[in-house]
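Bear in mind these aren't lab numbers, they're just calculated from the coordinates by the rules spelled out. Keep in mind that what you see is a predicted model, and the values were worked out from it rather than measured. For neighbour counting, all protein chains shown are included, and Cβ atoms are generated from backbone atoms with ideal geometry for every residue, glycine included.
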Amino acid sequence: MNAGKPEQLADHQSHQTVLMADKTKQFLLMGRIGYFGLFALIPLWLLWLAPPSLGNPYILLVMLWLPLWFPLPGILKGEPYTFAWANFIVMIYFVHSLTNLWVASGLYFWLSVLELMLALLMFFGCTYYARFRGQELGRKIPRLKDDPRP
């Protein structure tokens with residue numbers, strides 16, 4: 001038996017027993033609404049609402065929807081670490097929506113506005129959920145000045 005497994009099990013059990021503050025719950029909800037909103041919007045947009053006029057919509061779907069599948073298990077479990085790194089993924093949707101806002105009109109413009117709002121919701125929700133839940137669980141990223149290395 002691996003010596004690390006009991007610690008991991010104890011950590012996982014304590015994760016479930018540490019109470020979540022109301023503000024942390026609000027940021028969890030905010031991050032999930034943004035995430036699942038993007039998760040639903042992308043295929044609806046690309047396959048039904050406004051398929052792209054150039055190129056294959058299925059290739060674009062894979063490029064834009066596939067990254068959202070990676071954090072799904074951690075988002076469902078409420079893992080703070082997943083919420084933290086999911087912010088790297090949400091940058092794709094910032095760039096996509098801002099580019100479309102610059103060049104699009106009509107339905108494309110309004111879908112881009114919605115995408116930007118969902119990306120902002122996800123970004124702020126994930127950022128602050130990861131921060132506050134990490135603090136509640138006693139996990140924190142050490143500051144550079146506290147680093148023992150010279």
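Go through region 72-88 and report how many residues are among the hydrophobic types (A, V, I, L, M, F, W, C) and surrounded by fewer than 18 Cβ atoms within 10 Å (Cβ to Cβ).
Filtering region 72-88 for residues among the hydrophobic types (A, V, I, L, M, F, W, C) gives 72, 75-76, 83-86, 88.
Now drop any that are not surrounded by fewer than 18 Cβ atoms within 10 Å (Cβ to Cβ), which leaves 72, 76, 85, 88.
The number of residues fulfilling the criteria is 4.
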For this session: Show the residue pairs that are 6+ apart or on different chains and have beta-carbon atoms under 7 Å apart, the first residue being within region 17-45 and surrounded by fewer than 20 Cβ atoms within 10 Å (Cβ to Cβ), the second being assigned to a helix (DSSP H, G or I) and among the basic types (Lys, Arg).
Result: MET20/ARG133
Seminar exercise, completed: For region 71-84, pairs from a residue that is touching a residue at least 40 places away in the same chain (Cβ under 8 Å) and assigned to a helix (DSSP H, G or I) to a residue that is surrounded by fewer than 18 Cβ atoms within 10 Å (Cβ to Cβ) and of a type in the set (A, V, I, L, M, F, W, C), with Cβ under 7 Å and 6 or more apart or across chains, are PRO80/LEU137
